[in-house]
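The next block holds one structure in the form of structure tokens; read it before the comments.
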Amino acid sequence: MKIIKRDGRVVDYDRQKIQTAIEKANKEVRGKEKATKEDIKGIIEYIEDLNKKRMLVEDIQDIIEEQLMEIGKYELSKKYIVYRYNRALIRKSNTTDETILGIIRNDNKELAEENSNKNTMLASTQRDYIAGEVSRDLTNRLLLPEKIVKAHQEGILHFHDADYFVQPIFNCCLINISDMLDNGTVMNGKLIESPKSFQVACTVTTQIIAAVASNQYGGQSVDLKHLGKYVRKSYNKFKAELENKYKGKLSNDTIDEIAKDRVKAEVKAGVQTMQYQINTLMTTNGQAPFVTLFLHLEENDPYIKENAMIIEEVLKQRYEGIKNEVGVYVTPAFPKLIYVLDEHNCLKGGKYDYLTKLAVKCSSKRLYPDYISAKKMKENYEGNVFSPMGCRSFLSPWKDENGNYKFEGRFNQGVVSINLPQIAIIADGDEEKFWKLLEERLELCKEALMCRHYALLGTSSNISPIHWQYGAIARLEKGEKIDKLLYGGYSTISLGYIGIYEMTKLMKGVSHTEPEGREFALKVMKHLKDKTAEWKKETNIGFALYGTPAESLCYKFARLDKEKFGTIKDITDKGYYTNSYHIDVREKIDAFDKLTFESEFQKLSTGGAISYVEIPNMQHNLQALETAVKFIYDNIQYAEFNTKSDYCHECGFDGEIIINEDNEWECPNCGNKDHTKMNVVRRTCGYIGENFWNAGKTKEIKQRVLHM
């Protein structure tokens with residue numbers, strides 16, 4: 001049996017601890033009020049005879065009190081209650097010592113495996129983790145209602161980012177980079193005026209990105225279309241300088257050609273500045289900024305030619321990669337790239353098809369960019385095209401006082417995810433029971449989400465001037481409350497969900513790809529979306545349904561349910577639940593059928609969703625990738641590519657990664673052993689994905705791959 005402690009840690013059951021606790025209370029009473037050895041043994045056996053796989057420590061203590069009352073030891077029971085109370089007071093003084101020491105000693109494996117973008121050996125990262133553990137501890141003991149903490153520990157729901165909850169900071173955002181560049185901003189008390197050139201605009205942008213990342217815990221996105229005007233400024237500056245110096249000596253055409261060459265060189269240098277600064281800056285989170293660059297060409301943009309130059313250079317540099325410490329070109333973790341497909345670049349003879357071909361070539365080697373269909377997104381978001389916040393979470397359409405849509409300068413207040421398979425396990429095929437339990441747990445999720453909202457309510461703009469006073473989100477006065485930005489749908493707050501496939505399999509006996517299963521799955525999805533709309537109407541807060549991109553949560557929920565309910569074929573036996581609405585990786589389905597099927601779920605998951613398609617041997621299969629990109633444009637809003645073969649980001653090797661004599665993954669081509677720089681197919685089911693870790697034993701590796 002496993003015991004869940006109050007701080008969420010899971011430890012082995014130890015009967016001696018029960019005996020010790022009762023014996024300490026025994027010393028406080030006399031004569032017949034004492035529990036005999038047989039009494040204590042009987043209580044211990046009663047607990048063990050429950051045959052639970054997993055128990056909360058509070059539940060065990062409740063049972064001890066009940067059993068002491070049952071055998072007539074009323075005074076002893078009272079003393080035990082006092083003992084519990086005193087222990088609780090001690091816990092409230094400090095419960096984080098061992099966890100924090102584990103961080104310093106670097107033997108906290110859970111944290112080491114939590115985020116591949118963080119190096120737990122670094123002092124800066126350790127400092128962030130220590131602060132996170134203190135926050136998580138305070139959150140569990142003091143800040144959240146006990147029933148929310150208990151629901152989180154039992155896998156009923158997941159309260160995301162508890163390690164940041166103690167501070168009034170939010171999740172993710174779309175930076176209003178246009179306002180900050182055009183009207184200037186302030187960083188570290190210093191005025192940063194509007195740039196006069198593209199190179200300076202790139203430098204300022206990356207400094208803004210770093211400052212924003214240090215004052216929130218989620219991702220951020222920057223739409224590069226706002227940098228086009230600064231390319232024009234550089235061109236005009238170069239041309240004016242050349243005309244002043246060479247007018248009458250050189251022809252206008254020659255001057256123009258030289259100016260264009262200089263601009264081209266500056267665009268290359270500026271993009272390189274962004275790439276290097278983003279990858280070398282270290283935020284207070286102990287990692288490079290989690291930022292996405294949105295590559296979007298708008299037909300009516302007066303700077304579309306300049307923006308095409310920027311996008312071309314971004315893709316070229318991503319394809320080349322960035323050198324690691326030994327000089328080998330690798331794929332950088334950041335920035336993430338999202339490329340928008342529209343009529344002029346969807347590989348149907350458009351003016352900017354050459355950029356899409358370059359994007360496809362880049363995807364074949366670096367797995368990025370991801371792709372958004374402007375056509376499908378406009379259908380889902382009232383004719384608008386905009387970037388997700390950081391990676392996958394989307395805002396809902398919102399209009400300002402002039403009736404204009406606004407997306408940049410908005411944010412997400414936080415996320416709570418619901419465990420759908422667990423509801424189906426308990427319902428055991430009984431739909432009436434399923435819907436009743438779903439309703440109860442959704443109300444619990446709402447309460448948890450409102451805790452996130454209340455944590456931000458009343459926050460002063462002084463908490464993060466870069467966000468609230470100097471343009472990243474707003475231009476509020478010093479000391480002004482941010483409350484008006486928390487209501488009316490300006491910001492979102494997200495209900496996440498896990499395991500549509502497993503839920504459907506449990507309730508209907510078939511996958512959600514089968515007609516009966518599909519009908520049920522869509523009914524549940526629609527109910528989830530309707531529920532967020534109901535909450536929004538009730539509270540005037542922008543609730544949204546979000547296909548949570550928390551791969552580790554797919555494992556956490558499955559592990560907790562297996563410990564609680566045992567091994568269930570095709571459900572808990574896999575070791576993971578499928579993310580959001582995704583089709584289970586073991587299902588045999590054509591890539592295009594998969595995207596078509598999942599597009600219907602994306603329409604309902606408007607708070608965030610992404611689908612992926614696997615293409616074998618991508619570097620040697622550009623035609624297949626181009627065909628898939630054309631299909632994405634016409635059929636699904638948001639998709640990414642994976643490969644059906646192993647892939648090494650160090651050298652571009654597209655073949656089978658081996659396990660060497662030291663039981664480590666190793667690229668047979670370049671010898672790379674860094675697991676964060678390779679993708680490895682999951683041998684048992686064909687899954688391929690980033691961010692897995694070596695469990696230390698070959699047989700365990702397949703169980704420890706973070707699943708999409």
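The values are calculated or read from the model by the stated rules, or taken from the named source; none is laboratory data. Predicted model only: the values in this text are computed from it and were never measured. Quick reminder, even Gly has a Cβ in these numbers, built from the backbone with ideal geometry, and neighbours come from all protein chains shown. The area values use the complete protein model at the heavy-atom level, side chains included, leaving out ligands, DNA and RNA. Shrake-Rupley method; radii C 1.70, N 1.55, O 1.52, S 1.80 Å.
Restricting attention to the chain, close to 40% of DSSP beta bridges with both partner residues there are antiparallel.
Helices in the chain, meaning DSSP H runs of at least 4 residues, each add -39500 (n - 2.57). Divided by all residues, the mean residue ellipticity at 222 nm is -14500 deg cm²/dmol. Each label was represented as a point 7 Å from its Cα along the Cα-to-Cβ direction; for Phe565 and Asn384 these points are 3.8 nm apart.
I want the local charge near Glu516. Using Cβ-Cβ distances under 15 Å, sum +1 for each Lys or Arg and -1 for each Asp or Glu among the other residues. Walk me through the numbers before you get to the answer.
Numbers: positive: Lys505, Lys508, Arg518, Lys523; negative: Glu431, Glu514, Glu519.
For residues surrounding Glu516, the net value is +1.
Sorted on the mean count of surrounding Cβ atoms within 10 Å across their residues, most packed first, peptides 408-417, 559-568 read 408-417, 559-568. Shown here: P(r) over Cα pairs in 20 Å bins from 0, in percent, derived from the displayed model; of the candidates (1) 14, 43, 37, 6, 0; (2) 15, 40, 33, 11, 1; (3) 16, 48, 28, 7, 1, 0, it corresponds to (3). In this structure the range 430-540 gives 41 Å² per residue of accessible area when probed at 1.4 Å with all protein chains present.
Compared with the direct C-alpha span, the chain from Cys670 to Asn236 gains 151.6 nm at full extension, assuming 0.36 nm per residue.
Under the combined filter of DSSP loop state and at most 15 neighbouring Cβ atoms within 10 Å, the range 157-249 retains these GluC sites (Glu not before Pro): Glu193. With a Förster radius of 35 Å applied to the beta-carbon distance between Ile463 and Ile589, the computed FRET efficiency rounds to 0.15. Length available on full extension from Glu299 to Val82: 0.36 nm per residue minus the Cα-Cα distance, which gives 70.9 nm. The orientation-averaged projection of the convex hull spanning the C-alpha atoms of the range 409-561 amounts to 9.8 square nanometres.
Averaging 1/r across all pairs of distinct Cα atoms in the range 146-284 and inverting the result yields a Kirkwood radius of 18.0 Å.
Could you state the orientation-averaged shadow area of the convex hull built on the Cα atoms of the range 387-465, in nm² to one decimal?
Taking the Cα atoms of the range 387-465, their convex hull projects to 8.1 nm² on average.
Based on Cα atoms of the range 312-433, Rg over Rh with Rh as the Kirkwood radius reads 1.11. Relative to the compact-globule estimate of 2.2 N^0.38 Å, the Cα radius of gyration of the range 350-493 comes out at 1.40.
When N is the residue count of the range 160-227, what does its C-alpha Rg come to as a fraction of 2.2 N^0.38 Å?
1.22
Among the trypsin sites (Lys or Arg not before Pro) found in the range 159-256, those both in a DSSP coil and sparsely packed, with 15 or fewer other Cβ atoms within 10 Å of their Cβ, are Lys196, Lys249. The shape of the range 328-398 can be summarised by an equivalent ellipsoid whose semi-axes, obtained from the alpha carbon gyration tensor, come to 23, 19, 7 Å from longest to shortest. Each Cα pair under 8 Å and six or more residues apart adds its sequence gap; the mean of these over the residue count of the chain is a relative contact order of 12 percent.
Let me know the whole percent of all Cα-Cα pairs from the range 282-336 that are separated by more than 12 Å. Don't jump to the answer; show the numbers that get you there.
Numbers: 1086 of 1485 pairs.
The answer is 73 percent, as a whole percent.
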